[in-house]
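**Q** Below is the structure I would like to discuss, written out as structure tokens.
The values are calculated or read from the model by the stated rules, or taken from the named source; none is laboratory data. In this text, all values refer to a predicted model and were calculated from it rather than measured experimentally. Cβ: placed from backbone, ideal geometry, glycine included. Neighbour counts: every protein chain shown. Note: areas computed on protein heavy atoms with side chains; ligands, DNA, RNA excluded. Shrake-Rupley method; radii C 1.70, N 1.55, O 1.52, S 1.80 Å.
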Amino acid sequence: EKGTYPHYMLKEMYEQPGVVRKISQAYEDQKGELTLDVAICKALNEADRLYIIAAGTSYHAGLIGKQYIEKIAGIPVEVHISSEFGYNMPLLSEKPLFLFITQSGETADSRQVLVKVKALGHPTITLTNVAGSTLSREADYTLLLHAGPEIAVASTKAYTAQVAVLAIVAYVAAKEQGKTVDFDLKNELAIAANAIQTIMDSKEEMEQIAHEFLEVTRNAFFIGRNLDFYVSLEGALKVKEISYIQAEGFAGGELKHGTIALIEEGTPVFALATQQAVSLNIRGNVKEVVARGANPCIISMEGLAEVGDRFVLPKVHALLTPLVAVIPLQLISYYAALHRDCDVDKPRNLAKSVTVE
Ligand code: M6R
């Protein structure tokens, strides 16, 4: 039940700090160390490449998971949109391991891939919020999100849960392989959970931003580099699906290769600047769009903030920035939908689980 919240989406966004904390506990062993089932560790150790298969928001989480698993554990990863995989199957490695990311565990596009790769005899894991769902039952192994039921069509807490569990998968896989990991993920997740809470407490600020930037516009752009790029894709999807504003997420560097032609006087451009190594570059992209009349909203992070940034996120570990950078975008899309009188929890043309291919 949504209790005192006007919408499930708002309730679910508020649950995010608790979900991140719960995940940390759920993946702890008796000694308090992060862990995974022995069978899943074995499958990860035996694989020479991980294939992540997902759709929509789960695909966006998969893109982040790829970075985690490659950077922390050193296992090569490919991420594929499930609907494309069936007819555009890449050449597989010798020992592929498939990881299906699906909140509902019922997405038909993802299931058809599962059926296909199982028939080829490859091992499969489903990362899902729903124990007993179709993809969970049909895969060899299941990793649970522990996010609690997600009712709003727009996925919020399942996304943060997916990112958190993928970080744990990468971390445990690295340790299993005897790799040195120079940070304490449990501690960093706890810091991120507190940061999410702090951002949720600033929701009035996001309402104001939605009012200023999205109340009347017909389009909006989200840009970022590196991990911020993937979060931009997710921010744009949120805005599209619940407020019906045409929104696009772009890699900052790609703008000049075409998209910048769309920038007009007053076009809202949300720029994420949480990645230290590319902070100057993304700020350069902001200057480029401002020179063409864009209305920029820079969301940066403590330690990287500059005068004029519209919102500064609390500092978290460099790899966990997606957990916090997505929160203002979720809130901004929520308020944009409210201001435009849209049905926040049940947007037009959409279903919570997409069971047709
Ligand atoms: O249940 P799944 O994670 O497999 O669903 C995949 C997409 O349909 C889903 O993430 C969709 O994009 C959301 N409505 C986004 O908010």
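**Q** Treating the angle as unsigned and between 0 and 90°, give the value, to the nearest 10°, between the Cα long axis of helix 227-243 and the longest Cα principal axis of the chain.
**A** With rounding to tens, the tilt is 70 degrees.
**Q** Report the accessible area of D48, computed with a 1.4 Å probe over the heavy atoms of all protein chains in place, in Å² rounded to the nearest 10.
**A** About 60 Å², rounded to the nearest 10.
**Q** Over the stretch 208-283, what lengths in whole Å, largest first, do the semi-axes of the equivalent ellipsoid take, defined as the square roots of 5 times the eigenvalues of the alpha-carbon gyration tensor? Spell out each step's value before the answer.
**A** Details: eigenvalues 81, 37, 26 Å².
So the equivalent ellipsoid measures 20, 14, 11 Å along its semi-axes.
**Q** At 7 Å along the Cα-to-beta-carbon direction for both E306 and Q30, put a label point, then send me their distance in nm to one decimal.
**A** So the two model labels end up 5.4 nm from each other.
**Q** When the helix-only estimate is applied to the chain (DSSP H runs of n ≥ 4, each -39,500 (n - 2.57), divided by the residue count), what is the mean residue ellipticity at 222 nm, nearest 500 deg cm²/dmol?
**A** Details: 13 runs with 157 residues, N = 357.
The helix-only estimate for the chain comes to -13500 deg cm²/dmol at 222 nm.
**Q** Now for a separate question. For L323, tell me the accessible area in Å² from a 1.4 Å probe, rounded to the nearest 10.
**A** Probe radius 1.4 Å; accessible area of L323 about 0 Å².
**Q** Where does the stretch 147-249 land on Rg/Rh, using Cα atoms and the Kirkwood Rh? Working shown, then result.
**A** Details: Rg = 16.8 Å, Rh = 16.1 Å.
Dividing the radius of gyration by the Kirkwood radius yields 1.04.
**Q** May I ask what percent, to the nearest 5, of DSSP beta bridges between residues of the chain are antiparallel?
**A** Numbers: 1 of 39 bridges.
Taking every DSSP beta bridge with both residues in the chain, the antiparallel ones total about 5 percent.
**Q** Still on this structure, please answer the following. Which whole-number value in Å² is the accessible area per residue of the chain, probe 1.4 Å? Show your work: numbers first, answer last.
**A** Working: 14640 Å² over 357 residues.
Roughly 41 Å² per residue, with all protein chains present.
**Q** So how far, in whole Å, is the C-alpha centre of the stretch 303-325 from the one of the stretch 196-267?
**A** So the separation of the two Cα centres works out to 16 Å.
**Q** Another question about this same structure. Kirkwood hydrodynamic radius of the stretch 78-151 from all distinct Cα pairs, in Å? Before the final figure, lay out each step's value.
**A** Numbers: mean 1/r = 0.0800 Å⁻¹.
About 12.5 Å for the stretch 78-151.
**Q** Could you work out what % of the accessible surface of the chain is carbon and sulfur, using a 1.4 angstrom probe and leaving DNA, RNA and ligands out of the count?
**A** Details: 7310 of 14640 Å².
Percent of accessible area from carbon and sulfur atoms in the chain: 50.
**Q** I need the Debye-formula profile for the chain: one equal scatterer per C-alpha, no solvent, reported as log10 I(q)/I(0) at q = 0.06, 0.11 1/Å, two decimals.
**A** Computed log10 I(q)/I(0) values: -0.20, -0.71.
**Q** Working from Cα positions, state the angle (0 to 90°, nearest 10) between the long axis of helix 203-214 and the longest principal axis of the chain.
**A** Tilt of helix 203-214: around 70 degrees.
**Q** Work out Dmax and Rg for the stretch 215-357 from the C-alpha atoms and quote the Rg first, both in angstrom.
**A** Taking only Cα atoms of the stretch 215-357, I get Rg and Dmax of 15.1, 48 Å.
**Q** Rounded, prolate or oblate: pick one for the stretch 61-210, where a ≥ b ≥ c are the square roots of the eigenvalues of its C-alpha gyration tensor, a/c under 1.5 means rounded, and failing that, prolate if a/b is larger than b/c, else oblate.
**A** Numbers: a/c = 2.05, a/b = 1.33, b/c = 1.54.
It is oblate, given that a/c is not under 1.5 and a/b is not larger than b/c.
**Q** With respect to the cross-link table entries K2/K116; K95/K315; K186/K238; K11/K240; K2/K22, which display a Cα-Cα separation exceeding 31 Å? Write down the numbers at each step before the final one.
**A** Values: K2/K116 39 Å; K95/K315 38 Å; K186/K238 28 Å; K11/K240 20 Å; K2/K22 20 Å.
From K2/K116; K95/K315; K186/K238; K11/K240; K2/K22, over 31 Å: K2/K116; K95/K315.
**Q** On the first, second and third principal axes, largest extent first, how far apart are the outermost C-alpha atoms of the stretch 279-326 in Å?
**A** 34, 18, 17
**Q** To the nearest 10 Å², what's Y244's accessible area with a 1.4 Å probe?
**A** 70 Å²
**Q** Which of rounded, prolate, oblate describes the stretch 1-79, given a ≥ b ≥ c as roots of the alpha-carbon gyration tensor eigenvalues and a/c under 1.5 marking rounded, otherwise prolate only if a/b is larger than b/c?
**A** Details: a/c = 3.03, a/b = 1.53, b/c = 1.98.
Here the stretch 1-79 falls in the oblate category.
**Q** Percent of alpha carbon pairs in the stretch 19-59 separated by more than 17 Å?
**A** Working: 454 of 820 pairs.
The share of Cα pairs beyond 17 Å in the stretch 19-59 comes to 55 percent.
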